[in-house]
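Novice: Below you'll find the structure I mean.
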Amino acid sequence: MGEECRGDTESVTKSIRHGKVRPPDGGWGWVIVFSAFMINVITDGCSYSFGVLYVFLLDYFQESRSTTAWIGSVFCAVPLLCGPIASVVTNRLGFRKATIIGGLITAIGFISSAFVHSVGAMAVTYGCIAGLGISMPYLNSIVVVAMYFEKKRTLATGISECGAGIGTLIFAPLYEYLIMSYSWRGAVLIIGAISLNIVVCGAVFKPLEDAQEYAEVQDSECDDKAFIEEDQVDRDNELLPIDGGFVVTKLLKSQEVIKSNPCLVLESISVLGASVATSPSIVRTAVSCHDLNESTKPPCKRINKPLIDISIFTNARFVLFTFSSIILYFWYDVPYVFTVDRAKNFGITEKRASYMVAVIGISHTLGNLLYGFLGDRKQINRRYLYSGSLLLTGVVLIIVPLFTTFLPCTILAGLFGLLSASAEALTSVIIVDILGIDKLTDAYGVVMFLQGVSNLVGPPVAGWLYDTSGSYDKTFYSAGSCISISGIIVFLTSLIKQKKEPRHEND
């Protein structure tokens, strides 16, 4: 048995030291991109077009705007708040099965919404159930694209994220047509059927075989291998010698866990929104040499790593950036939710008002491509670009109350869609600039969760401002002012000096 293990050791070690299986950067990856694109079309299209449905729900339920807004608020927030659940399900079942299950749950939530008779019930079916289902395909559409691309990752991600804008463009007038033709109940029922296409998209999420690296550790019967699964192997993770002629990664040697635990299963689970597969340096699983040879050796001891790296909260830049994100997403959905109702109050027809939301979708699509391109330019500081874009986004919303006719309001809607795309295109990249790629999973998970909390509370507060004043002016003034402040906060992160800062070409 010992000789057998040594043979496996040499062959696997040799393959790891010569590199890892690289993403194809094309081929089936483009099918993955198209599927992720379609998932974003459906999920974000439904989210950002809720304002069209919101008008009819106000008329049907005869509740206040603040109360009715809870349906859309819950629907926008739950996919982010359920990031931990989506991550656990994906880690257990894989990207394909998790996405298919998410698509089925989403359809169940939409279809059941056609039979409710109160705002509270619809907040559960449309908001919680459908939102829970969306969290899984939403997460996996980002992760799988990143797995399949390396050199073209920014381009592929940008294309898939354009689905959000295209979805808004399609679903706003589609909702309007379906509601006028079949009532809002019939429209929601049909949307539920459309969401079943997520199942088809998830079926093509064929997983790639991850690279594996291991350390040999002494065992009483055999030299066991503790495998360390990584998306990216670099010099920081090179194999280093320890006592007895065995080798471990620099990370494990520094933690001194191999010596005290000769047979380990190390597992890291990110529970705040992102899959384990998205992190470039995550210990996921370990199996012994006996497992490779299909022996009946008793299972190894399991050691759980911390659920989140709390050291990210010691970085002042990240804390400030996260605070900015909380403010931004508190007001981010105001134009999507209230544009149609505001336009209707000024005599603009519901059909034309829905086109205003569609314009946001078109410009948002162009914005994703634009910021994806600008963010990769070495001569452009991403934080300054993001800060300036948020500042201008706030200014656009502040001047919205000054106009009440279709054309200027549509132009402002387009500018909002264009500038607000910076949030989707640049947030994750700026987090990498601040903390480094190794902490992206934990950090982005924290940001996602807090964005969900803000999305949950923001729209009802915005609706309450209308209920107390009888006008949307205070709503848009407040939204614009706060988003501008969030842009200023992002700028301030560049003024804070850190003792240790990861090296980045574009910082």
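Novice: Rank these residues by their accessible area, most exposed first, probe 1.4 Å: 331, 70.
Specialist: Details: 331 20, 70 100 Å².
Solvent-accessible surface, decreasing: 70, 331.
Novice: May I ask you to order 459-469, 97-107 by the average number of other C-beta atoms within 10 Å around their residues, highest value first? Show your work: numbers first, answer last.
Specialist: Details: 459-469: 19.6, 97-107: 23.5.
Ranking the peptides 459-469, 97-107 by packing returns 97-107, 459-469.
Novice: Find the centroid of the Cα atoms in the stretch 104-156 and in the stretch 159-192, then give the distance between the two in whole Å.
Specialist: Centre-to-centre distance over Cα atoms comes out at 15 Å.
Novice: Please compute the alpha carbon radius of gyration of the stretch 49-128, then divide it by the globular-protein estimate 2.2 N^0.38 Å. Two decimals is fine.
Specialist: Rounded to two decimals, the normalised Rg is 1.23.
Novice: Sticking with this one: Calculate the FRET efficiency for residue 467 and residue 405 from the Cβ-Cβ distance with a Förster distance of 41 Å, rounded to the nearest 0.05. Intermediate results must be reported in sequence, preceding the final value.
Specialist: On the way: r = 25 Å, r/R0 = 0.61.
Rounded to the nearest 0.05, the efficiency is 0.95.
Novice: Expressed in nm to one decimal, what extension gain is obtained for the pair residue 376 and residue 395 from 0.36 nm per residue of sequence separation less their Cα-Cα distance?
Specialist: Values: separation 19, 0.36 × 19 = 6.84 nm, distance 2.59 nm.
Full extension of this stretch gives 4.3 nm more.
Novice: Also, quick follow-up: At a 10 angstrom cut-off on C-beta neighbours, averaged per residue, how do the peptides 176-187, 160-171 rank from highest to lowest? Walk me through the numbers on the way to the answer.
Specialist: Working: 176-187: 16.8, 160-171: 24.7.
In decreasing order of mean packing, 176-187, 160-171 become 160-171, 176-187.
Novice: On a C-alpha basis, how far is the centre of the stretch 35-63 from the centre of the stretch 343-394 in Å? Whole number, if you could?
Specialist: Result: 19 Å between the Cα centres.
The values are calculated or read from the model by the stated rules, or taken from the named source; none is laboratory data. Note that the coordinates shown come from a computational prediction; the quantities given were computed from them, not determined experimentally. FYI the Cβ positions are ideal-geometry reconstructions off the backbone, even for glycines, and counts take in every protein chain you see. Just so you know, the surface numbers come from the protein's heavy atoms only, side chains and all, with ligands and any DNA or RNA stripped out. Shrake-Rupley method; radii C 1.70, N 1.55, O 1.52, S 1.80 Å.
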